[in-house]
Amino acid sequence: MDVRIGVTYTAKELEVELPEGADADKVKADVEAALASGGVLWLTDRKGRQVGVPAEKVAYVDLGSAADSRRIGFAG
């Protein structure tokens, strides 16, 4: 599963590829909890690296499958 996080005042997005079999509902609950508490949103990618984003800097979070974002070619 891929997670894209928009950060305020930044044109780039953070992209985190979560391990295979990651539970989308659990990730969503973790995001909601971090945003509600005003703390830090921590995610661990498939290589074990941890990414933290302060909740007040999160503009949006996009949860999707890895297959959706790997399309190649021209839209017709």
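Here Ala66 clears all of (1) over 17 Å from Gly6 (Cβ atoms); (2) at pLDDT below 95; (3) open to solvent by 60 Å² or more (accessible area, probe 1.4 Å) except the condition numbered (3).
Within segment 10-28, residues that are among the hydrophobic types (A, V, I, L, M, F, W, C) reach partners that are open to solvent by 70 Å² or more (accessible area, probe 1.4 Å) and outside any strand (DSSP E or B) with beta carbons closer than 8 Å, at six or more positions or on different chains, in the pairs Leu18/Arg46. Out of the residues in segment 12-44 that are assigned to a loop (DSSP other than H, G, I, E, B) and surrounded by 13 or more Cβ atoms within 10 Å (Cβ to Cβ), state the one that is farthest from the chain's Cα centre (by Cα). Applying the filter and picking the extreme gives Gly39. Filtered by the rule that a residue be open to solvent by 50 Å² or more (accessible area, probe 1.4 Å) and acidic (Asp, Glu), segment 45-61 gives a lone residue, Glu56. For segment 1-11, a residue qualifies if it is under 13 Å from the mean Cα position of the chain (by Cα) and within 16 Å of Tyr60 (Cα to Cα), and the qualifying residues are Asp2, Val3, Arg4, Ile5, Gly6, Val7.
The values are calculated or read from the model by the stated rules, or taken from the named source; none is laboratory data. Note that the structure is predicted; figures quoted are calculated from it, not measured. All Cβ positions, even for glycine, are placed from backbone atoms using ideal geometry, and neighbour counts span all protein chains on display. Heads up: the accessible areas ignore ligands, DNA and RNA and are worked out on the full protein's heavy atoms, side chains in. Shrake-Rupley method; radii C 1.70, N 1.55, O 1.52, S 1.80 Å.
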